[in-house]
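Everything on this sheet refers to the single structure shown next.
Here, each number is a calculation from the coordinates, and none is a lab measurement. All of these numbers come straight from a predicted model, not from anything done at the bench. All Cβ positions, glycine included, derive from the backbone under ideal geometry; neighbour counts span all protein chains shown.
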């Protein structure tokens, strides 16, 4: 009885503290170093909104929405997973790296829309595709609802719903109340007309591969890949190739 009393007391304290503050502490782990790791700054109105690897006359343009820790420049490791003929733009989340703002679902989604529309405008004659990693699969899938959706969506170690993942880690807490409105990738993708490719990691202890499988099962046209390794191992050389088509 004491154990359950402590659990409910903790839940009550968390709710009392304010759900938005809890979400930030549970979900977002930004860093703020000044290194570019060999990537070029991607700017809008003179302010950095991400980092990129550009090539002349790209076959495709990719928007990468990264995981919940670190910052965009840390994802230089992901570049080798893309074709050398493609340009890759890694968006910086609000409140991460040098970018002003506060991390939240709303700010991530709004920044993703802004970045995607900017790329669509800049590369009007080139397919613009989206890749999401971990928590970045939330805003990536949300872009499926754009009037001109991405040419392709690739999801790396994704979740089906964020609440389902939270329940894995905090089974005795009211995660639905704490998270409030949160990403539901099944719902976001249901009317998407383009191709979806999903990579789930077999030994993933952060987002279990069952969540990636559930997402793939909800979208019958999705191409699912089971890869070896844990949550952060997908970028190991040769493990994942991000391509369009």
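Quick one: give the max-minus-min coordinate of the C-alpha atoms of the range 2-227 along each principal axis, largest first, in Å.
For the range 2-227, the Cα spread along each principal axis is 65, 40, 32 Å.
Most fluctuating residue of 113, 154, 61 in a GNM of the chain with Cα springs under 10 Å: which is it?
With Cα springs under 10 Å in the chain, the top fluctuation among 113, 154, 61 is at 113.
Using a Gaussian network model of the chain whose springs link C-alpha atoms within less than 10 Å, name the residue from 162, 119, 26 with the highest mean-square fluctuation.
Comparing 162, 119, 26 in the GNM, the peak value goes to 26.
For the range 34-156, just the Cα atoms, rotate onto the principal axes and tell me the three extents in Å, largest first.
33, 32, 30
For residue 213 and residue 124, calculate 0.36 nm times their separation in residues minus their Cα-Cα distance, and state this gained length in nm to one decimal. Don't skip to the answer; put the middle values down first.
Values: separation 89, 0.36 × 89 = 32.04 nm, distance 3.37 nm.
Extra length available between residue 213 and residue 124 comes to 28.7 nm.
Principal axis lengths of the range 33-84 from Cα atoms, whole Å, largest first?
Projected onto its principal axes, the Cα set of the range 33-84 covers 31, 26, 18 Å.
Starting from the Kirkwood radius over alpha-carbon pairs of the range 159-211, derive D by Stokes-Einstein at 25 °C in a medium of 0.890 mPa s and give it in µm² s⁻¹.
Calculated translational D: 198 µm²/s.
What distance in nm separates the simple spin-label points at residue 110 and residue 54, each placed 7 Å from Cα in the Cβ direction?
Modelled inter-label distance: 2.7 nm.
Over all directions, average the projected area of the Cα convex hull of the range 95-170 and note it in nm².
6.0 nm²
If you average 1/r across every pair of different Cα atoms in the range 195-245 and take the reciprocal, what Kirkwood value do you get, in Å?
Here the Kirkwood hydrodynamic radius works out to 11.3 Å.
Pick out which of 93, 82, 116 has the largest mean-square fluctuation in a Gaussian network model of the chain, springs linking Cα atoms closer than 10 Å.
Result for the chain, Cα springs under 10 Å: 82 fluctuates most.
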